[in-house]
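Written out below as structure tokens is the structure these notes cover.
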Amino acid sequence: MAAPSARCCLGNMRLWLGGVRRPRGLVVAVSGLCARRHHVTSLPGNHVSPSSPAVLSQLSPGLTLQPDFITTEEEALLCRELEPVLRKKRYEGGHWDDAIHGFREVERQYWSPDSSAIIQRARDKAFPPGENQLSLVHVLDLQKDGYIKPHVDSVKFCGSTIAGICLLSSSVMRLVSVDNPEERADLLLPRRCLYVISDVARYKFTHEILRCEDSFFSGVPVPRERRISVICRNLPVS
């Protein structure tokens with residue numbers, strides 16, 4: 001069972017404001033990548049665009065993606081449950097640390113049985129059995145024009161892994177090495193997918209959600225609409 005927590009991880013992040021615009025890499029076929037030790041999800045080759053094969057080899061053990069993780073019916077179910085809660089909040093222009101723009105967010109522990117089953121399925125896919133997890137699920141609602149700047153989540157309040165279900169819109173996540181800004185990869189996050197970021201991909205690379213006007217994947221526009229992400233995390237090692 002997930003361990004309780006009262007802290008929001010996304011509200012405790014370290015910004016990385018290194019180079020923003022760099023030439024785009026080529027899509028590399030990676031369907032044979034090694035899966036994480038506790039599940040068999042791979043990183044589809046047509047969903048990742050790295051600057052080099054070396055970057056891909058750094059990211060691949062800790063970066064996985066499962067398109068169509070939930071059905072359209074399950075997406076509608078989650079949205080129906082979240083909408084009454086989210087509409088009580090106003091969209092905010094900027095986060096306290098200037099990391100997120102055009103957003104509203106909640107942390108939620110109690111869900112309907114059907115929604116709980118979906119979230120538990122994501123936890124089972126992302127985390128090994130018995131791993132301590134934050135009981136609060138972070139829900140981030142981005143406007144169409146909202147975006148998330150490059151950042152590395154705080155290691156004080158969050159563990160080695162984050163897992164997110166993407167609702168309502170596809171988007172592009174960019175990961176950039178904190179040691180060498182030329183080493184980076186774009187990740188196409190299709191609507192209704194589950195993505196998991198852990199280990200090197202989690203701590204040695206920043207991640208961001210590109211603005212609507214910058215939302216391209218390998219030169220092809222990825223139209224951005226309102227986007228809700230349902231995010232689970234594990235606890236840091238004490």
**OP:** Output the peptides 181-190, 84-93, 220-229, 107-116 sorted from most to least packed, where packing is the average of other Cβ atoms within 10 Å over each peptide's residues.
**Re:** 181-190, 220-229, 107-116, 84-93
**OP:** Note down the nm distance, to one decimal, between modelled labels 7 Å out along Cα→Cβ at LYS88 and at VAL237.
**Re:** 3.9
Subject >> Rg over Rh, two decimals, the range 58-190 (C-alpha only, Kirkwood Rh) >> reply: 0.94
Subject >> Distance (nanometres) between label positions extended 7 Å along Cα→Cβ at THR71 and ARG123 >> reply: 2.3
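Rule-based calculations on the coordinates, nothing more; no lab input. As the structure is a prediction and not an experimental result, all values here were calculated from the model. Because the Cβ atoms are built from the backbone with ideal geometry, glycine has one as well, and the counts that use them run over all protein chains shown.
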